[in-house]
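Worksheet for the structure shown next.
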Amino acid sequence: MDVDIRSETKEELNKAVETFTRLMREAAEEENRTRSTSQGKVEVEVNLIGDRPFGQIAVNAPIVQTAASIVEGLGMTPAYGVSSTDSNIPLSTGIPALTLESGGTGNRNHTLEEWIDVEKPASVRGINVAMGILLALAGLQ
């Protein structure tokens with residue numbers, strides 16, 4: 001199985017990986033103790049298949065302030081948060097980056113029950129925000 005474990009800090013991520021690995025090994029040991037192993041034991045092998053780097057950007061960074069101004073200019077309130085996204089890659093190398101929401105509402109991210117409401121007004125709002133930010137950062141607005 002593939003397991004995606006994310007955290008806001010390297011220390012917490014390491015703790016989560018250690019806990020996950022320990023629990024998986026304990027579960028395999030319990031399974032082997034309580035079930036027949038005549039056709040082989042359950043084994044756990046943990047292999048890193050990806051490593052998303054860490055990165056953060058300050059709320060007062062120019063790119064963040066530009067985005068906030070565009071959001072406010074379109075009559076909305078900017079929301080700030082920390083998350084593990086594809087923005088971590090440029091941020092980890094010192095390149096300013098943002099992750100924007102689509103404009104719609106959704107829930108249960110990264111699960112089998114993930115959903116998003118793609119009603120046209122909300123989607124158009126999200127596109128307007130993204131395009132406004134791109135134009136402003138390119139010096140065209």
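The values are calculated or read from the model by the stated rules, or taken from the named source; none is laboratory data. Keep in mind it's a predicted model, so treat the numbers as computed, not measured. For neighbour counting, all protein chains shown are included, and Cβ atoms are generated from backbone atoms with ideal geometry for every residue, glycine included.
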Residue, modelled with the lowest pLDDT, within region 98-141, restricted to residues that are within 16 Å of the chain's Cα centre (by Cα), assigned to a loop (DSSP other than H, G, I, E, B) and surrounded by 10 or more Cβ atoms within 10 Å (Cβ to Cβ): S102
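Residues checked against (1) surrounded by 12 or more Cβ atoms within 10 Å (Cβ to Cβ); (2) at pLDDT 95 or above; (3) not in a helix (DSSP H, G or I):
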residue: D2; (1), (2), (3): no, no, yes
residue: L13; (1), (2), (3): yes, no, no
residue: A16; (1), (2), (3): yes, no, no
residue: E29; (1), (2), (3): yes, yes, no
residue: Q39; (1), (2), (3): no, no, yes
residue: E45; (1), (2), (3): no, no, yes
residue: P53; (1), (2), (3): yes, no, yes
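Take the residues of region 57-74 that are part of a loop (DSSP other than H, G, I, E, B) and surrounded by 13 or more Cβ atoms within 10 Å (Cβ to Cβ): which is nearest to the chain's Cα centre (by Cα)?
Within region 57-74, the first condition is being part of a loop (DSSP other than H, G, I, E, B), and the residues that meet it are 57-61, 74.
Applying the additional criterion that residues be surrounded by 13 or more Cβ atoms within 10 Å (Cβ to Cβ) yields 57, 61.
Details: I57: 15, A61: 20 Å.
Per the criteria, the residue is I57.
Here is a list: T85, T93. Which entry is without any contact (Cβ under 8 Å) to a residue 60 or more places away in the chain, of a type outside the set (K, R) and over 27 Å from V124 (Cβ atoms)? Let's see the steps before the verdict.
Values: T85 fails: over 27 Å from V124 (Cβ atoms).
Only one candidate qualifies: T93.
Can you work out which of the residues in region 75-97 that are among the aliphatic types (A, V, I, L, M) and assigned to a loop (DSSP other than H, G, I, E, B) is farthest from the chain's Cα centre (by Cα)?
M76
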